[in-house]
Amino acid sequence: MTKPKSFQKLLESKPAVSGATTAAPVFRITSTSLDRHKDRVLAIKSAGDDFRVPLLWNHDSWSPAIGVARCFREGTEWLMEPIFDEVCDASKMVAAKVKAGTLNQCSIRFIPADSEPVPNAEGGYDFPLVETLEVSIVNIGGNQEAVRLRSAEPVAEDEEAKYRAAGLAFRAKVEGALEELRANVVKLHKLLPVDDEEPAPEEEPTEPEDEEPAPEEEEEREAPDEEEEPSTEGAEPPPGEEETADELPDEEAKALRLRLTKRFGFTSAQLKSFSGSELRKYAALLPPVAN
C-alpha cells in the first residue's frame, strides 16, 4: 500500500501526461566566462529579446543546415532552442542523439560588432559585442558553459485542470479536518472539572506600634499656641462641679490632647475616648508650664 503524498509534495510533483509531445531542449549558447581558447564574449547583439540563425552540426557550413536555432534572452543569459527539420539523415541523427542525451553541448560562430576585441590578461581576447552567425550542436564546445540546461515538459490543459482540482480538494479536506479538531478541543475543554476557588482568609488588621497622629492633630501640633492655657496640674474640680467635670470647653480639650500626645504618645482615637476628668487626671502628671 503506497503512502499518500503530503499537500506540498502533491503541488510540487509533476503529473504524468499521456500523448503530449516532448518539448525541445534548451541550451545556453555563451557566457561571460573565459572559454577554452581564453576568449570571452561580453554581450550579444540583437534587435530584440530573440532572434533566429541557422542550426548546424559541428560548424559544418559546407553542408545544409539541419534546422533553425531560436535564440532568446532569459534574465541576463542567452539561451537556444534547437528546431530540427529532420529532412536529411544528419538532422534526424543529431536530433535523435540530442533527445537521447548523447549530445548536450553547443557552440556559436560570431564576428565582432561595433567594436574591436581587446586583449585580456589571460592571453586571449575580450569581445565587448558580437553578432551571432550560426549555432551548432557539437561534441565539445569552445565555451564549457554552453551546455544543455533543461527540457520543458508540456502539460495538457485538461490534465492540468484535473491536477489543480485534486490539489484544491486535498487542501479543503485538510482544512476540514483541522476545523473538526478545533471543535473537539473546545468540547473537551468544557468537560474539564473546574476547581472551586476558596476565598483567601482575611487578615486581621494589626495596629502599628507607633501610629502617626491624624492630619488634624498634625496641624494642631505645628500651629503655634497663641496663648498658653493655665496649668491644671493638681487642680481639683470646685465643689458642685464634679457632676459636670466631663464636659470641657473645646479649646481646653484640644490643648490637653495636644500636650498629652507630645508627652505620652497617645493616639487620636485614645484621646477622643477620654472623658474630661480623665484628660485632667493625665494633665496633672505633666510638668508645670514654664512662664
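The values are calculated or read from the model by the stated rules, or taken from the named source; none is laboratory data. Please read all numbers here as calculations on a predicted model, not as lab measurements. With ideal geometry, Cβ positions are generated from the backbone for all residues, glycine too; neighbour counts draw on all protein chains shown. SASA here: full protein model, heavy atoms, side chains in, ligands and nucleic acids out. Shrake-Rupley method; radii C 1.70, N 1.55, O 1.52, S 1.80 Å.
From the list Ala100, Ala113, the lone residue that is aliphatic (A, V, I, L, M) and in contact with a strand residue (DSSP E or B) (Cβ under 9 Å, 6 or more places away or on another chain) is Ala113. Within the set Glu251, Glu217, Glu278, Glu228, the sole residue that is open to solvent by 60 Å² or more (accessible area, probe 1.4 Å) and modelled with pLDDT under 75 turns out to be Glu228. Inspect segment 150-163 for any residue being modelled with pLDDT of 95 or more, in a strand (DSSP E or B) and either of a type in the set (D, E, K, R) or surrounded by fewer than 16 Cβ atoms within 10 Å (Cβ to Cβ) (or both) and give the result as yes or no. No; the residues of segment 150-163 include none that is modelled with pLDDT of 95 or more, in a strand (DSSP E or B) and either of a type in the set (D, E, K, R) or surrounded by fewer than 16 Cβ atoms within 10 Å (Cβ to Cβ) (or both).
Let's see how each residue does on (1) open to solvent by 70 Å² or more (accessible area, probe 1.4 Å); (2) in contact with a Pro (Cβ under 7 Å, 6 or more places away or on another chain); (3) charged (D, E, K, R); (4) modelled with pLDDT under 55:
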site: Ala177; (1), (2), (3), (4): no, no, no, no
site: His189; (1), (2), (3), (4): yes, no, no, no
site: Asp246; (1), (2), (3), (4): yes, no, yes, no
site: Leu256; (1), (2), (3), (4): no, no, no, no
site: Gln270; (1), (2), (3), (4): yes, no, no, no
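Hey, among the residues in segment 27-38 that are under 22 Å from Leu55 (Cβ atoms) and either without any contact (Cβ under 8 Å) to a residue 60 or more places away in the chain or assigned to a strand (DSSP E or B) (or both), which one's least open to solvent (accessible area, probe 1.4 Å)? Once the filter is applied, the top-ranked residue is Phe27.
Out of segment 60-73, which residues are out of contact with any strand residue (DSSP E or B) (no Cβ under 8 Å at 6 or more places or on another chain) and surrounded by 12 or more Cβ atoms within 10 Å (Cβ to Cβ)?
Pro64
The condition (being assigned to a loop (DSSP other than H, G, I, E, B), in contact with a helix residue (DSSP H, G or I) (Cβ under 9 Å, 6 or more places away or on another chain) and either among the β-branched types (Val, Ile, Thr) or at pLDDT 95 or above (or both)) is satisfied by just one residue among Ala20, Ala65, Ala16: Ala65. Answer yes or no: is there a residue in segment 39-59 that is open to solvent by less than 30 Å² (accessible area, probe 1.4 Å) and closer than 29 Å to Ala121 by Cβ. Within segment 39-59 (the criterion being open to solvent by less than 30 Å² (accessible area, probe 1.4 Å) and closer than 29 Å to Ala121 by Cβ), the answer is yes, since at least one residue qualifies.
Filtered by the rule that a residue be under 15 Å from Val130 (Cβ atoms) and touching a Gly at 6+ places or on another chain (Cβ under 9 Å), segment 35-86 gives Asp35, His37, Asp39, Arg40, Arg73.
Of everything in segment 110-141 that is farther than 24 Å from Pro54 by Cα and of a type in the set (Asp, Glu), the residue that is modelled with the highest pLDDT is Asp126. Of all residues in segment 102-131, those that are without any contact (Cβ under 8 Å) to a residue 40 or more places away in the chain have Cβ atoms under 9 Å from Cβ atoms of residues that are open to solvent by 60 Å² or more (accessible area, probe 1.4 Å) and aliphatic (A, V, I, L, M), 6 or more apart or on another chain, in Ile111/Leu133.
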